[in-house]
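Peer 1: Supplied in structure tokens, the structure appears directly below.
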Amino acid sequence: MKNRNVFLLALLVATTVHAGEGADFQRFLSDTQLDLTLRSHWKYLKENEAQPKEVHNAWGAAAELDFRSGWLWDSLGFDASYTRAVKLAASDYFATRGILYNHGEGFHKSNAGGFGRFGQRYLKLKLGDDAFGLKAKGGWHQLHNVGVITDVYRLSRNSYLGYSGSLAWQDLQLDAAWVTRSIMYDAPDRVHFLTVDNKEIDSIFTAGFTYKADGAFLSYGWGESKDYLRRHVLEAVLPIAPQWALATQIYGSQALEKYKAMPQNKKQFDEHAWHYAGELRWQEGRWIQKFGVAYTRADKTNGVGYYDRFMGKNTRGRFSALTSAGKDYMRDGELALTTFTQYQFSPEFSSAIQLNYGQFDYKDNTVRTGEITWLNRWNPSDNSLKDLAVTSQFGYGWSYKNNNATPILNNEGRYMRSPSLSGEVGITWKFGLL
């Protein structure tokens, strides 16, 4: 569907209703919303895993206008969002941070710049109500945890071109989406999905269900990047006492024809990759505590394989385990342990410490990695600042020198450690204009 056709159709519908059903059009206008969101995001990493010590630094700011229409005949509407982002600072290798647009070849800081784009332009449909109803979208739109794909927020969010829908029935929801292209969160370009060796993927189809009731949660998603990867996602939470809950996540990928045809050095695994994670959660008063354990199986000939969360280039794959840190803690044969401790100092401010540790065996080496991260969030309660949010995280980590996750060994056959420093700050302020 061409984007201009979406607006022409919406305009045609609105004009028709305005001419024939004035009261309905008045409700459409009264329910229409327009928001302005201002955002600044900075990400920093200093590491020497794959090259001599380098700094990856990017800082930008953005303004986004988000239009959400009311409903015509209580069933039809259209939404759109426009983002304008600007560069504030950048180093070489800035593009790895996903903040600024790379206007040239390579990662030189002179290529860093801002961007402008319509991230969302879609028609929406609803039938029924929250107890039993259907909602659907067609056009460019964001997809958050729909089946096996999701979005991510930097200066903007990534969006997809296609169709999606959800059918809700009491505590159960069924979701499905079929998409053919995407706009990534750090660029204005409309791009195709690609294999790791840059072959085009025609489309992604995904479906799944989610059940929520009395603190329990169960979600399963299935999806396929056409002829490339097939994916399964299972996430569950089971309350076992007023303060305690068990959680689990299972993620699996299966190679299809286009994946199998890639050169071996491009593959993340041979045939299958699975990541299994479990958590014990405790919450009492102002405290939240989580303990996690995870294990990955991703065999790869002549190298260390890993579970890759993406369904191809220019996608974002659903992943919410505590081991979420790029490909860290998701390598073949790796056992990972995680603790997360959060304290709510006030209704406005919370702070947390997360510790990760992982280890796996490679050519008579027990390769050990880890990190300690300090996370903070501030949401003022004052009415004049109620839609302001400030988040930050700072960490120290230790990994190993590698080539595509496979350790590089020294002359004595031992792996070489690689320390890292990281930081991130995001500031978001939202204003209702309509």
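Peer 1: When the label point is put 7 Å from the Cα of Phe394 along its Cα-to-beta-carbon vector, which residues of the stretch 415-434 have a backbone N closer than 18 Å?
Peer 2: 420-427
Peer 1: Hey, another quick one. With every atom except the alpha carbons ignored, what do you get for Rg and Dmax of the stretch 114-245, in angstroms?
Peer 2: When restricted to the Cα atoms of the stretch 114-245, Rg and Dmax are 16.6, 51 Å.
Peer 1: Also: Suppose all protein chains stay in the model; what accessible area per residue would a 1.4 Å probe give for the stretch 172-270, in Å²? Kindly include the intermediate steps, with their values, before the conclusion.
Peer 2: Details: 4470 Å² over 99 residues.
Ligands and nucleic acids excluded, the result is 45 Å² per residue.
Peer 1: Given the peptides 203-212, 312-321, arrange them by the average over their residues of other C-beta atoms within 10 Å, most packed first. Walk me through the numbers before you get to the answer.
Peer 2: Working: 203-212: 18.9, 312-321: 20.8.
So the peptides 203-212, 312-321, ranked by packing, come out 312-321, 203-212.
Peer 1: Still on this structure: Just report the Cα centroid separation between the stretch 396-422 and the stretch 343-370, whole Å.
Peer 2: Their Cα centres are 17 Å away from one another.
Peer 1: With Kirkwood's inverse mean 1/r over C-alpha pairs for Rh, give me the Rg to Rh ratio of the stretch 66-192, two decimals please. Kindly include the intermediate steps, with their values, before the conclusion.
Peer 2: Working: Rg = 17.3 Å, Rh = 16.1 Å.
With Rg and the Kirkwood Rh in hand, the quotient comes to 1.07.
Peer 1: Could I ask something else about it? Principal axis lengths of the stretch 166-211 from Cα atoms, whole Å, largest first?
Peer 2: Over the stretch 166-211, Cα extents along the principal axes are 42, 21, 14 Å.
Peer 1: Please list the radius of gyration and Dmax for the stretch 21-104, considering alpha-carbon atoms only, with Å as the unit.
Peer 2: Values for the stretch 21-104 (Cα only, Rg and Dmax): 20.6, 68 Å.
Peer 1: Based on the mean of other beta carbon atoms within 10 Å per residue, what is the order of 382-394, 79-91, 50-62, 120-132, most packed first? Can you show the working numbers first?
Peer 2: Values: 382-394: 13.2, 79-91: 19.6, 50-62: 17.3, 120-132: 15.5.
Highest mean packing first, the order is 79-91, 50-62, 120-132, 382-394.
Peer 1: Same structure again: At a probe size of 1.4 Å, how large is the accessible area of Glu49, to the nearest 10 Å²?
Peer 2: Approximately 50 Å² for this residue.
Peer 1: Still on this structure: What size of dipole, in debye to the nearest 20, comes out for the stretch 171-290 about its Cα centre when the only charges are +1 on Lys and Arg C-beta atoms and -1 on Asp and Glu C-beta atoms? Don't skip to the answer; put the middle values down first.
Peer 2: Values: 14 positive and 16 negative charges, 36 e Å.
The calculated dipole for the stretch 171-290 is roughly 180 debye.
Peer 1: Here is a further query. Starting from the Cα gyration tensor of the stretch 250-389, multiply each eigenvalue by 5, take the square root, and state the resulting semi-axes largest first in whole Å. Intermediate values should be presented prior to the final figure.
Peer 2: Numbers: eigenvalues 252, 71, 28 Å².
Here the semi-axes work out to 36, 19, 12 Å.
Peer 1: Under the definition of Cα pairs under 8 Å and six or more residues apart, what whole-number percent is the relative contact order of the chain? Don't skip to the end; give the middle numbers.
Peer 2: Numbers: 1203 pairs, mean separation 52.3, N = 434.
Reported relative contact order: 12 percent.
Peer 1: Among Gly317, Ala277, Val233, which residue has its Cα positioned farthest towards the positive end of the charge dipole of the chain, with +1 placed on the Cβ of Lys and Arg, -1 on the Cβ of Asp and Glu, and the dipole taken about the Cα centre?
Peer 2: The residue sitting most towards the positive pole is Gly317.
Peer 1: Same structure again: On the accessible surface of the stretch 249-346, probed at 1.4 Å, how many percent belong to carbon and sulfur atoms? Spell out each step's value before the answer.
Peer 2: Numbers: 2270 of 4260 Å².
Carbon and sulfur atoms account for 53 percent of the accessible area of the stretch 249-346.
Peer 1: Over all alpha-carbon pairs of the stretch 184-242, lay out the pair-distance distribution in 5 Å bins, whole %, shortest bin first.
Peer 2: With a bin width of 5 Å, the distribution comes to 4, 14, 17, 14, 14, 12, 10, 7, 4, 2, 0.
Peer 1: Let me ask something else. How much FRET efficiency would the formula 1/(1 + (r/R0)^6) give for Asp24 and Tyr357, where r is the Cβ-Cβ distance and R0 is 60 Å, rounded to 0.05? Walk me through the numbers before you get to the answer.
Peer 2: Working: r = 59 Å, r/R0 = 0.99.
Working from the Cβ atoms, E equals 0.50.
Peer 1: Normalised by the number of residues in the stretch 61-119, what is the relative contact order in percent for Cα pairs under 8 Å and 6+ residues apart? Intermediate values should be presented prior to the final figure.
Peer 2: Values: 97 pairs, mean separation 19.4, N = 59.
Normalised by residue count, the contact order of the stretch 61-119 is 33 percent.
Peer 1: Accessible area of Arg154, 1.4 Å probe, to the nearest 10 Å²?
Peer 2: Surface accessible to solvent at Arg154 totals approximately 40 Å².
Peer 1: Turning to a different aspect of this structure: For the residue pair Asn365 and Tyr82, what label-to-label distance in nm results when each label sits 7 Å from Cα along the Cα-to-beta-carbon direction?
Peer 2: In this crude label model, Asn365 to Tyr82 measures out at 5.2 nm.
Peer 1: Sticking with this structure for a sec: Work out Dmax and Rg for the stretch 345-434 from the C-alpha atoms and quote the Rg first, both in angstrom.
Peer 2: According to the Cα coordinates of the stretch 345-434, Rg and Dmax are 20.1, 67 Å.
Peer 1: How big is the chain on each of its three principal axes, counting only the C-alpha atoms and giving the largest first in Å?
Peer 2: Here the spans come out as 82, 51, 41 Å, largest first.
Peer 1: Next up: Charges at C-beta only: +1 for Lys and Arg, -1 for Asp and Glu. How large is the resulting dipole of the chain about its Cα centre, in Debye rounded to 20? List each step's numbers first, then the result.
Peer 2: Working: 50 positive and 45 negative charges, 172 e Å.
Dipole magnitude for the chain comes out near 820 debye.
Peer 1: Identify all lysines with a Cα-Cα distance to Lys53 below 25 Å; exclude those on the same chain that are fewer than 8 residues away in sequence.
Peer 2: Filter leaves Lys43, Lys87, Lys109, Lys266, Lys327, Lys401.
Peer 1: Per the Kirkwood treatment, what hydrodynamic radius in Å, one decimal, follows for the stretch 244-297 from the mean inverse distance over all distinct Cα pairs? Intermediate values should be presented prior to the final figure.
Peer 2: Values: mean 1/r = 0.0731 Å⁻¹.
Every distinct Cα pair counted, the radius reaches 13.7 Å.
Peer 1: So what J values fall out for the stretch 59-64 if you push phi through Karplus, 6.51 cos²θ - 1.76 cosθ + 1.60 with θ = phi - 60°, rounded to Hz, Gly and Pro as x?
Peer 2: Karplus values, whole Hz, x for Gly and Pro: 9, x, 9, 8, 10, 10.
Peer 1: With N residues in the stretch 227-319, what two-decimal value do you get for its Cα radius of gyration over 2.2 N^0.38 Å?
Peer 2: Rg over 2.2 N^0.38 Å, computed on Cα atoms: 1.36.
Peer 1: Averaging the inverse of every distinct alpha carbon separation and then flipping it gives the Kirkwood radius. What is it for the stretch 274-354, in angstrom units?
Peer 2: On the way: mean 1/r = 0.0695 Å⁻¹.
By the Kirkwood definition, the hydrodynamic radius is 14.4 Å.
The values are calculated or read from the model by the stated rules, or taken from the named source; none is laboratory data. This one's a predicted model, so the numbers in the text were calculated from it and none came from an experiment. Neighbour counts are summed over all protein chains in view; Cβ atoms, including those assigned to glycine, are modelled from backbone coordinates with ideal geometry. Ligands, DNA and RNA are excluded from the accessible area calculation, which covers all protein heavy atoms including side chains. Shrake-Rupley method; radii C 1.70, N 1.55, O 1.52, S 1.80 Å.
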